[in-house]
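**Student:** Supplied in structure tokens, the structure appears directly below.
A short reminder: the numbers here are calculations on the coordinates, not readings from a lab. What you see is a predicted model, and the numbers here were worked out from it, not measured in a lab. Please note: Cβ atoms are built from the backbone with ideal geometry, for glycine as well, and neighbour counts cover all protein chains shown.
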Amino acid sequence: MARGARFLLVLALLVALLAVVFQLYRLRKPRLWTVEELSLYNGTDEGLPILLAILGSVFDVTKGRSHYGPGGGYHHFAGSILLTGMHHGHLFLEILQVMV
């Protein structure tokens, strides 16, 4: 087999493999969190990341430990689910968290 043909065959196999991996990535199911599960990631355990859920998306805010960790100005949001809504024409913020 010629060198050029072998190169094209390997390249085609790599492209096919990447296409399969991409399809598997797209088909994975999103992680669903309960308030109780998310509350474990509030920054009080140094071994766990600090997570914050806003409108259905969960964010890792561990890099902002000084803000979201214990003693930080936004610590009360860490490990919580933040939702927004409207009631009688007024916007509001609802915080779902486990109270201990």
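**Student:** Using amide H atoms built 1.01 Å from N in the peptide plane, name the residues 5+ places from I54, or on other chains, whose amide H lies under 5 Å from its own.
**Tutor:** F59, L82
**Student:** Run the quick spin-label model on A2 and V58: label points 7 Å from Cα toward the beta carbon, then report their separation in nm to one decimal.
**Tutor:** Roughly 5.4 nm, to one decimal.
**Student:** Follow-up. May I ask you to evaluate 6.51 cos²θ - 1.76 cosθ + 1.60, the Karplus curve with θ = phi - 60°, for each residue of the stretch 26-42 and list the ³J(HN,Hα) values in order in whole Hz, giving x for glycine and proline?
**Tutor:** Rounded to whole hertz, the list is 5, 7, 5, 7, x, 6, 9, 10, 8, 4, 5, 5, 5, 5, 5, 9, 9.
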